[in-house]
Amino acid sequence: MAEASDKIGVVNMSSIFQQLPERAAAAQKLENEFKERTAELQGMENELQTKIRHLQRDGLTMKPSERINMEQEVIQKREAFSNKVQIFDQDNRRRQIEERNKILDRIQNAVKKIARIQGYDIVFDQNTVAYSVQSKDITDDVLKQVQ
């Protein structure tokens, strides 16, 4: 429990995160990083859809062996596509977390610096506090520090 002499402040971490230009830059960086793989997956999906439509349209008039070969090809392409999507999602999620954590580390360091400068003993994230006095909010100071 905080002693009566502790100076306590609050900061809105999510607000700072949303306002930082680095967030948009990181999103653009990730989009560029995954652009080729996204295009490849879209191509695979289009090819798979074309094969499925062809099979649905012409499957009844094909020789049984041709239909079976095409069905197997569709199954293989669907599995390959599904596996690539799963790997893509994992890689994309991992990279998003990495980039987010870099930004959050900068914010956390700025919070520590502002807290030391202004003499705060404890700083809580505003989203975890039910009530605080506006004068104890250091969000603007932290935002200036990280920009």
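Set the bar at 28 Å for Cα to Cα. Now go through Lys35/Lys113; Lys51/Lys84; Lys29/Lys77; Lys35/Lys102; Lys29/Lys84; Lys102/Lys144 and name every pair that lies beyond it.
Violating the 28 Å limit, Cα to Cα: Lys35/Lys113; Lys29/Lys77.
Charges at C-beta only: +1 for Lys and Arg, -1 for Asp and Glu. How large is the resulting dipole of segment 22-147 about its Cα centre, in Debye rounded to 20?
About 60 debye.
Match the structure shown to one of the listed values (i) 13.2; (ii) 11.1; (iii) 7.7 of mean projected area of the Cα convex hull in nm², computed from it, and give that label.
(i)
Specify which residue in the list Leu143, Ala110, Ile97 is farthest towards the positive end of the charge dipole of segment 81-147, using unit charges on the beta carbon of Lys, Arg (+1) and Asp, Glu (-1), about the Cα centre.
Comparing the listed Cα positions along the dipole, Ile97 ranks first.
Starting at the first residue of segment 30-45, write each ³J(HN,Hα) from the Karplus equation 6.51 cos²θ - 1.76 cosθ + 1.60 with θ = phi - 60°, in whole Hz, x for Gly and Pro.
Once θ is set to phi - 60°, the couplings for segment 30-45 become 5, 4, 5, 5, 9, 4, 5, 5, 4, 5, 4, 5, 5, x, 4, 5 Hz.
Determine the share of segment 103-142's accessible area contributed by carbon and sulfur atoms, expressed in whole percent, with a 1.4 angstrom probe.
Taking all protein chains in place, segment 103-142 shows 49 percent carbon and sulfur surface.
Over the chain, average the accessible area per residue using a 1.4 Å probe and give it in Å², no decimals.
70
Under the Karplus relation 6.51 cos²θ - 1.76 cosθ + 1.60, θ = phi - 60°, what is the ordered set of whole-Hz ³J(HN,Hα) values for segment 14-26, x standing for Gly and Pro?
Those phi angles translate into 5, 5, 4, 4, 5, 8, 6, x, 4, 5, 5, 5, 5 Hz.
Give the aspartates and glutamates whose C-alpha is closer than 15 Å to that of Lys63, dropping any in the same chain fewer than 8 places away, or say none.
Cα-Cα hits under 15 Å: Glu71.
The values are calculated or read from the model by the stated rules, or taken from the named source; none is laboratory data. Quick caveat, the model's predicted, so the values are computed rather than measured. Counting neighbours? That spans all protein chains shown, and the Cβs are built from the backbone with ideal geometry, glycine included. These accessible areas exclude ligands, DNA and RNA; they are computed on the full protein's heavy atoms, side chains included. Shrake-Rupley method; radii C 1.70, N 1.55, O 1.52, S 1.80 Å.
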